[in-house]
Amino acid sequence: MGRTWREPIPREQGGRLHGSPGPPPRDAGANRGMTPIRVRRLWTGLGGDTLDGCLVRFGRGRIESLEPSCGPWDFMFAMPSFVDAHCHLLWLGFESVFADLSWTRSKEDILGWLSRSPSPPGGEFLRGEKWDDSAWSPGALPTLGEMDAASGGAPVFLRRVCGHAALVNSASLSLMRGAGLDPGGPGPLIVEKPVLGFDTAFPPGSGTLSTALSTAVDRALECGVTAVTTTESGRHLEAYGSRGTGLLRASISVFREDLEDRLAEASGLGIRGMKIFLDGAIGARTAAMDEPFDDGSTGLEAAGEGELGDLIADCWEAGLVPMVHAIGGRALRLLDRAGGAALRKARQGLRSQIRVEHAEDLLSAWPGGWDTGVHLFSMQPNFVARWQQAGGMYETRLGPERARALNPFGPVLRAGFTLGFGSDGMPFGPLYGLSGAVGHPDPVLGLAMSEALEAYTLGAARISGFEDLAVPLGPGRPSDMALLSASPFEAPLDEVAVEGVLASGELIRLKGTRRGGGSP
């Protein structure tokens, strides 16, 4: 419902300004002084109410005023811009630079694509991204012999959508062993460490990285996203130094083994956190679940409690926020215990926060000893939309009862924790993610639309360190806004599109409408 203009409008102010904007990737507005736009309905970020008829004046990257207005309307709905609290920005760009294999529906599709693809020059890897065997029918993976025959001897690296598994051939296995990267098995499926370490062992060239970043920034803006938390290796940070983030600001968190202060300094981006893996992924059957997967496997064993506690304490001493990837119940209980031990040992006055990444099987470790003053939850509602519906990947891997209990957003929020949403790039796009948050198969675990929107805007900004984006729209706040074709409070989400975005003081009218993500 619309709110009357007799009620007060929030006037909270934020902290810092945007960095210097790069060249806009779309047809940006020419005015750099005071610019007005008229919107039919505006959501400030507070509760479920919207303002009817609003004139938004902005300049120098900040909102100057919000005033009542009547049409004609420039946009039908305006709201704080989306913040993706967990993505891999360069990986998003790799979907365009390398082959996007999300269309495949069988091993025959993969093998047919390999046989048609020319061998890359200079012995480079033939690379593809985003295949998802949970969408295949039948779901059998190719054999190593089939991969070798189809690829014609060129080394192959085809990364699964979760980023925790990949398909390779014999030529790839030989090169990986030669580079000191243990594939961990005979292939063609490899999981976890050799997959996560592949781009460090075989880094793409600087031109490829720059192109990927530019493409990813454009894609983010098309989805109404103006800020992200992205996890990158030290080598990948070179792309941020050469290209910059354009109209995006980025909170960069780096896996500790790849942390190179020289590259971080050269990029001009602060390192906010450190990524710590406690388990794998449900799709790759490597998450540390309490009960076996459908094939009898039990997932990865998490690290030792003492080792994890020391690592968390080291992060705090270095001024970093530990971002702990924990999906299964075993991993989450370990994190709960180790975090408590680290708190007891921590030097007084240290910033003691822990970002819990994913927490899909959180109910297995709930309520535990989680602390609203320490633990920040970064969760992915697009996982619900993509895999948690009847007959989906979760149900196939775990069975209906266990699948239904995953991704408990509602209990986290009702217990007073800060909840921020991100996509993990599966797929990137907040509107698609919102459909999972409000359409959870168990309504008790899902959210109302206003709660879901806040988690993908102010909440995501809050857990990512974007303090000035973590407050409602009002005078003095950065003018970052998403401009939509319809109100998500009223229209079905599959009928809502991103038509414009305000980023770093630039009004970007998108050429055609873009849904903020979509069905993969």
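Here are the numbers for this structure:
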item: Count - residues of the stretch 223-247 that are modelled with pLDDT of 80 or more and either part of a loop (DSSP other than H, G, I, E, B) or more than 18 Å from A460 (Cα to Cα) (or both); result: 3
item: Yes/no for G425 being at pLDDT below 95 and out of contact with any Lys or Arg (no Cβ under 7 Å at 6 or more places or on another chain); result: yes
item: Counted residues, the stretch 430-446 - those being under 19 Å from G224 (Cβ atoms) and touching a helix residue (DSSP H, G or I) at 6+ places or on another chain (Cβ under 7 Å); result: 8
item: Number of the condition not met by L510 [criteria: (1) within 25 Å of A212 (Cβ to Cβ); (2) buried (at least 21 other Cβ atoms within 10 Å of the Cβ)]; result: (2)
item: Selection from the stretch 32-46 of residues that are modelled with pLDDT under 90 and within 32 Å of the chain's Cα centre (by Cα); result: R32, T35, L46
item: Breaking point among (1) surrounded by fewer than 24 Cβ atoms within 10 Å (Cβ to Cβ); (2) farther than 17 Å from D84 by Cβ; (3) in contact (Cβ under 8 Å) with a residue 12 or more places away in the chain, for E495; result: (3)
item: Residues within the stretch 63-94 that are under 26 Å from A216 (Cα atoms) and either among the acidic types (D, E) or surrounded by fewer than 19 Cβ atoms within 10 Å (Cβ to Cβ) (or both), tallied; result: 1
item: Enumeration of residues in the stretch 452-479 that are touching a Lys or Arg at 6+ places or on another chain (Cβ under 9 Å), within 23 Å of R509 (Cα to Cα) and surrounded by 24 or more Cβ atoms within 10 Å (Cβ to Cβ); result: L469, R477, P478, S479
item: Residues located in the stretch 93-107, provided they are in contact with a Leu (Cβ under 7 Å, 6 or more places away or on another chain) and assigned to a loop (DSSP other than H, G, I, E, B); result: L101
item: Hits in the stretch 278-329 (condition: in contact with a helix residue (DSSP H, G or I) (Cβ under 7 Å, 6 or more places away or on another chain) and part of a helix (DSSP H, G or I)); result: E305, L308, G309, I312, A313, G329
item: Selection count where residues are modelled with pLDDT of 95 or more and surrounded by fewer than 16 Cβ atoms within 10 Å (Cβ to Cβ), scope the stretch 338-361; result: 0
item: Strands (runs of 3 or more DSSP E) lying entirely in the stretch 111-205 (those with 2 or more residues that are free of Cβ contacts under 8 Å to residues at least 24 places away in the same chain and not charged (D, E, K, R)); result: none
item: Residue within the stretch 364-375 that is farther than 18 Å from I463 by Cα, in contact (Cβ under 8 Å) with a residue 40 or more places away in the chain, out of contact with any Gly (no Cβ under 6 Å at 6 or more places or on another chain) and not basic (K, R) present; result: yes
item: Check on F77, aromatic (F, W, Y), within 23 Å of L484 (Cα to Cα), at pLDDT 90 or above and in contact with a strand residue (DSSP E or B) (Cβ under 9 Å, 6 or more places away or on another chain); result: yes
item: Number of the exception - L419 against (1) surrounded by 24 or more Cβ atoms within 10 Å (Cβ to Cβ); (2) at positive phi; result: (2)
item: Odd one out for L434 among (1) farther than 24 Å from I276 by Cβ; (2) touching a strand residue (DSSP E or B) at 6+ places or on another chain (Cβ under 7 Å); result: (2)
item: From the options G465, G500, G425, G429, residue that is within 26 Å of L92 (Cβ to Cβ) and in contact with a His (Cβ under 7 Å, 6 or more places away or on another chain); result: G425
item: Out of P443, P475, sole residue that is assigned to a loop (DSSP other than H, G, I, E, B), more than 22 Å from the chain's Cα centre (by Cα) and free of Cβ contacts under 8 Å to residues at least 40 places away in the same chain; result: P443
item: So L376, is it in contact with a Ser or Thr (Cβ under 7 Å, 6 or more places away or on another chain) and not in a helix (DSSP H, G or I); result: yes
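Residue by residue, here is whether (1) closer than 16 Å to A284 by Cβ; (2) surrounded by 14 or more Cβ atoms within 10 Å (Cβ to Cβ); (3) under 29 Å from the mean Cα position of the chain (by Cα) holds:
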site: S96; (1), (2), (3): no, yes, yes
site: S106; (1), (2), (3): no, yes, yes
site: W113; (1), (2), (3): no, yes, yes
site: F125; (1), (2), (3): no, yes, yes
site: K130; (1), (2), (3): yes, yes, yes
site: S134; (1), (2), (3): yes, yes, yes
site: L141; (1), (2), (3): yes, yes, yes
site: A154; (1), (2), (3): no, yes, no
site: R159; (1), (2), (3): yes, yes, yes
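The values are calculated or read from the model by the stated rules, or taken from the named source; none is laboratory data. Just so you know, these numbers come straight off a predicted model, no measurement behind them. Cβ atoms come from the backbone with ideal geometry, glycine included; neighbour counts cover every protein chain shown.
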